[in-house]
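The values are calculated or read from the model by the stated rules, or taken from the named source; none is laboratory data. Note that the coordinates shown come from a computational prediction; the quantities given were computed from them, not determined experimentally. Cβ placement follows ideal geometry from the backbone for every residue including glycine, while neighbour counts extend to all protein chains displayed. Areas reflect the complete protein model, heavy atoms only, side chains present, ligands, DNA and RNA absent. Shrake-Rupley method; radii C 1.70, N 1.55, O 1.52, S 1.80 Å.
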Amino acid sequence: MKSLRDEWSYLVHSKYPIIAIIFPLIAVLAYSLLLPSSQINDANVVVVDQDNTAYSRELIQKIDASPYMNVAKIVTYTDNPAQYFYHEQYLAVISLPHGLEDNRNRSLSSRVGLILDNTNAQSISFIRTAMQEISVSENMELSVPAVLKTGMNSEQAQGALNGIALEVRSLFNPTNDFQSSSILAFTCMFSFMILNITSLPIVARLRVSKRLAAELQNPFNILLRILPYTLFSTAGLIFSLGILKMFGGGRFEANPILFMIPVVLYVFGTVCLNVLVTWGAAHPGIAAGRMAMVFMPAFVLSGGALSRSLYQPLAIQISDFFPFVWMFKFLRSMGLRGAPFQEMLPELGSLLLYVGVLSLLVIARALWEKQKLAKLPAGATPEIGAATHHGGSASTPGGGLSVQGAPSVPLHEPVKD
């Protein structure tokens, strides 16, 4: 009972009761706003209208009127429909063949192509259903009057009953094997989690060991500390992708050397973001506790678990603040869809710009901290603890973190700098 009372006393005097109640409520509210529906409505599709007739335009209007599809772009020709999936703007390409109206008037069959991005089956199931319903409806409108006429030959009768034949082609995963993609998503998730656990306490570790002031003599030192994380996390992720492809039969179409470029930017940007989020943490325990602020939103919005098409446009815009989301964009487009590196240069430029901004913010935060320390009286320091460079740490009965020769700092009472 003494152990129970001791732990109860610790918890009620900490922030855990509030966190345990508030965080689930925040999660419920956030997911309710991000996921307004369990199905994808008004999915953006591209229509290739090779017929360009009154009937083809009428059919396009019916496609656009479906609650599951939104005709976002109409082109007259394409020799590479897969290119519309590279930047994750469209979920399907619908091809209306030349002679569509003429075949309809002659009671002959026409083959309408439906090309789907099958990297995520959740995104395309309703599109397939909607197109099948439209084709059945069109066939009924044509066949019922036609079969009442006499003198039709067998070819015309078959064409009248099947005026539109829907040909479905699923790109990037024709066998519907999603085991590899699931393993891929969780591999990236665990790599991301380990990266966060390790890199979040960087500044806090320097603070408790009283090395932060010396480190800030050159603000670029913080950025230099990010390089080892970039090296090992990139190597681990590329190596695991190679193992999955060679021995697990996973799909990965990108050039590994070129794919390392966005991965390096993702790792470097993620650690920069972690440094900014945890800069004011008094010690590593508090810094590690802020992982939920980076890990959960990034993974949920990345599309690794749920299709990004389910989210509100605002959520998609917010997701661009997480480098992990950008990495998943490159993984899907280059790794799974086989997009050429040149095709992804706009996204790569945007990611490079964003990581550059994060780096500048880290430098600015370091300069601000340096100026603040310079204004303190001689001998005074806001850093916590009095450990030397090789000082160790130990837990205290109160549940805090104690550095050798320093007073105890409770985990639930961060010191604001």
Contacts under 9 angstrom Cβ, first residue in the stretch 196-210 being on the phi < 0 side of the Ramachandran plot and assigned to a loop (DSSP other than H, G, I, E, B), partner among the basic types (Lys, Arg) and open to solvent by 10 Å² or more (accessible area, probe 1.4 Å), 6 or more apart: Leu200/Arg290
Single match in Ala43, Ala54, Ala72, Ala27 (criterion: modelled with pLDDT of 85 or more, surrounded by 12 or more Cβ atoms within 10 Å (Cβ to Cβ) and not charged (D, E, K, R)): Ala72
Meets criteria (modelled with pLDDT under 80 and open to solvent by less than 30 Å² (accessible area, probe 1.4 Å)) for Glu383: yes
Counted residues, the stretch 86-116 - those being within 30 Å of Gly335 (Cβ to Cβ) and of a type in the set (Gly, Ala, Ser): 3
Qualifying position, being out of contact with any strand residue (DSSP E or B) (no Cβ under 8 Å at 6 or more places or on another chain) and on the phi > 0 side of the Ramachandran plot, among Gly269, Gly303, Gly280: Gly303
Answer residue from the stretch 310-325, given it is among the hydrophobic types (A, V, I, L, M, F, W, C) and part of a loop (DSSP other than H, G, I, E, B) and is most open to solvent (accessible area, probe 1.4 Å) among those: Phe321
Selected residue (only one of Ile60, Ile124 is modelled with pLDDT of 90 or more, part of a helix (DSSP H, G or I) and open to solvent by less than 40 Å² (accessible area, probe 1.4 Å)): Ile60
Unmet requirement for Ala282, which otherwise passes all of (1) touching a Ser or Thr at 6+ places or on another chain (Cβ under 7 Å); (2) surrounded by 20 or more Cβ atoms within 10 Å (Cβ to Cβ): (1)
Residue selected from the stretch 79-110 under the condition among the hydroxyl-bearing types (Ser, Thr, Tyr) and more than 27 Å from Ser137 (Cα to Cα), by the criterion surrounded by the fewest Cβ atoms within 10 Å (Cβ to Cβ): Tyr86
Subset tally (residues that are in a loop (DSSP other than H, G, I, E, B) and either in contact (Cβ under 8 Å) with a residue 12 or more places away in the chain or within 20 Å of Gln132 (Cα to Cα) (or both)) for the stretch 66-80: 6
Test: residue in the stretch 332-345 that is out of contact with any Ser or Thr (no Cβ under 8 Å at 6 or more places or on another chain), in a loop (DSSP other than H, G, I, E, B), open to solvent by 10 Å² or more (accessible area, probe 1.4 Å) and more than 18 Å from Val264 (Cβ to Cβ): yes
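Scanning the stretch 296-309 for residues that are outside any loop (DSSP other than H, G, I, E, B) and at pLDDT below 85, which turns out surrounded by the fewest Cβ atoms within 10 Å (Cβ to Cβ)?
Here the answer is Met296.
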